[in-house]
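Just below is one structure, and these are the notes that go with it.
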Amino acid sequence: MSRHVVIIGGGPAGAAAAESALRHGATVTLVDSNEALGGQYNRRIPDAFGVRRPLSIGHGYTETARRARLLIEHPRCEYLPLASVYQIERHPDGGCPTVRLLLGIEGDQRTHRVIRGDALVLATGAYDRVCPFPGWDLPGVYTAGAAQTLAKTQRVLIGKSVLLSGTGPFLLPVAQSLVDGGAHVHAVLEANPGRRILRHWAARPWELRHSAGKAAELIEYVACGVRHRIPLRTGRAVVAVAGDGKAEQATIAQLDEHWTPIPGSESTVSVDAVAVSHGFTPQHELAVAAGARLTAHGFVHVDSAQQTTAENVWAAGEITGIGGAQVAAVEGAVAGVAAAGADPAADRPLRARHRTAEQFVARLAAAHPIRPGVLGWSRPETVLCRCEGTTRDDLTTAWARAAGDSYRPAKLATRAGLGPCQGRMCAANIEALRIGVSAHPARDAPLACQDGARGDRNPQSPTTTAPPRAASPMPQGLAAATPAWRPLAAPIRLRELADLDHEGQS
Ligand SMILES: Cc1cc2nc3c(=O)[nH]c(=O)nc-3n(C[C@H](O)[C@H](O)[C@H](O)COP(=O)(O)OP(=O)(O)OC[C@H]3O[C@@H](n4cnc5c(N)ncnc54)[C@H](O)[C@@H]3O)c2cc1C
């Protein structure tokens, strides 16, 4: 009998999982909140814009289009676009969790669906992380992902005169899309020192032989930077933005290797926008709800077949670690095979690509960590939780007064993390600050709660993969106690909840 595989997420990981599960005889339901397949990587201008040529930015459109055609036309694949999964429910019998979703555009009449398959693949991706500094909440300061999405899907520029700051190769395609749209990019500032980046990327190049596509992409970005005379400066960052109600002036500082600004190194530059990216935060609420354990860095813990610690639940792509679209697709392919009931280890070429993908993730994390010096960028009056306007001072005062220094008393005393985003943007930064305040981390350690690293890698040897640690499913009570526990993964109107019958159908 064909297994029914339910996949959440239509990005590179989810789409590849669907294709490989179909190839192994499964029946697939692919649920994605976007209107088209491709996820964050292959976002494009809506057809209604009548643009014939997608921007030169973004790669893999041909592959995404091929895969989309295959999935949409396949008789065993049900593709549900514009479908938001708002809840996952575990069962006492331990079988595959039930998925609850809403079909249609928020604000219109949406319909409910409840699906329970034989296997569940979670491929919900990640979103930008920004570490706070004075002025990070001013209009004109954007996440690099937002700048990229606006450019790719709307051809809207965040400004005419832009500075890019943060860590990781993602800054490069964003610079390209901004200059493609006509912006002047002052510089791309990478906070980690050049020698650290080189050390990790240049070591044992043969291990990355299946990443030739990435090298070609990198050459294209570098060529674009040279053509447009965009300086790429390492060991530097935007540490403050000022202006009269909007970003007008950015302060750049040279950083030591721990990201502590070097006194006297500051300079200012006039800008009308700043785009910032300090890595990515996994979109893991559905995994937590399914009972999957997270790594120390908040990613979903998976084994060599991409299986999570929750029964019948697999995960792939950036919820399991940051590696880019090609890595996400390889992980998705492995998860799809395993969820369909086959053995991914039997496919030797896939196994080899998976190994390279893991190497790539480990190097990326080692080359572009967030360092503890970042905690010194914010000031007492800097807002950390933007939904509730909670400042750094509010939090440190709450911890000083509370009996314990855990996240919970600070949350209750200051409301940090209780606003509309439910801690999605601020929780990692607040947790990092809490740990930094209570016991300053070893100067050599990567920042606790940083995103961009997987917890199951051996930190001494970033290019070797440690065997996965034994891990068991997260007990329901423990899951509910973590800041990552968010019972509703997508907004749902009270009216829509009220319209449900006891089976969860509208
Ligand atoms: C804003 C942004 C822009 C980016 N742009 C680029 C770029 O231009 N170039 C580049 O190299 N990398 C880019 N990246 C990195 C890129 O996201 C990844 O490398 C790659 O897309 C990861 O693939 P994935 O399948 O793991 O996740 P994603 O591509 O993020 O796909 C996840 C999918 O899951 C869906 N989803 C999430 N939650 C739910 C839910 N509850 N219900 C239903 N569906 C859900 C999302 O709508 C999305 O379609 C970007 C990242 C971000 C955050």
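Cβ-Cβ contacts under 7 Å between residues 6 or more apart (or on different chains), taken from a first residue in the range 124-148 that is within 25 Å of GLU285 (Cα to Cα) to a second residue that is of a type in the set (Asp, Glu), are listed as GLY125/GLU318; ALA126/GLU318; ARG129/ASP451; THR143/ASP128; ALA144/ASP128; GLY145/ASP128. Looking at the range 386-402, which of the residues that are polar (S, T, N, Q) and within 13 Å of GLY417 (Cα to Cα) is surrounded by the fewest Cβ atoms within 10 Å (Cβ to Cβ)? Among residues in the range 386-402 that are polar (S, T, N, Q) and within 13 Å of GLY417 (Cα to Cα), the one surrounded by the fewest Cβ atoms within 10 Å (Cβ to Cβ) is THR391. Within the range 281-290, not a single residue is surrounded by fewer than 24 Cβ atoms within 10 Å (Cβ to Cβ) and away from the ligand (no atom under 15 Å from the Cβ). Taken over the range 364-380, the criterion of being in a loop (DSSP other than H, G, I, E, B) and closer than 19 Å to TYR407 by Cα is satisfied by SER378, PRO380.
So is ALA328 at pLDDT 95 or above and within 16 Å of the ligand (Cβ to nearest atom) or not? Can you show your working first?
On the way: at pLDDT 95 or above: yes; within 16 Å of the ligand (Cβ to nearest atom): yes.
It is true that ALA328 is at pLDDT 95 or above and within 16 Å of the ligand (Cβ to nearest atom).
Among the residues making up the range 88-102, a single one is surrounded by fewer than 20 Cβ atoms within 10 Å (Cβ to Cβ), in a strand (DSSP E or B) and of a type outside the set (Ser, Thr, Tyr): GLU89.
Looking only at helices (runs of 4 or more DSSP H) that fall completely inside the range 122-225, which ones have 2 or more residues that are buried (at least 22 other Cβ atoms within 10 Å of the Cβ)? Quick ask: steps written out before the conclusion?
On the way: elements: 144-154, 171-180, 194-202.
Correct list: 144-154, 171-180.
Restricting the range 128-156 to residues that are aliphatic (A, V, I, L, M) and more than 22 Å from the chain's Cα centre (by Cα) leaves a set whose member that is nearest to the ligand (Cβ to nearest atom) is VAL156. Check the range 51-73 and report whether any residue there is among the charged types (D, E, K, R), within 10 Å of the ligand (Cβ to nearest atom) and crowded, with 17+ Cβ neighbours inside 10 Å. For the range 51-73, residues among the charged types (D, E, K, R), within 10 Å of the ligand (Cβ to nearest atom) and crowded, with 17+ Cβ neighbours inside 10 Å: absent.
The values are calculated or read from the model by the stated rules, or taken from the named source; none is laboratory data. The model shown is predicted, which means the values in this text are computed figures rather than measured ones. Glycine gets a Cβ as well: all are built from the backbone with ideal geometry, and neighbour counts include every protein chain shown.
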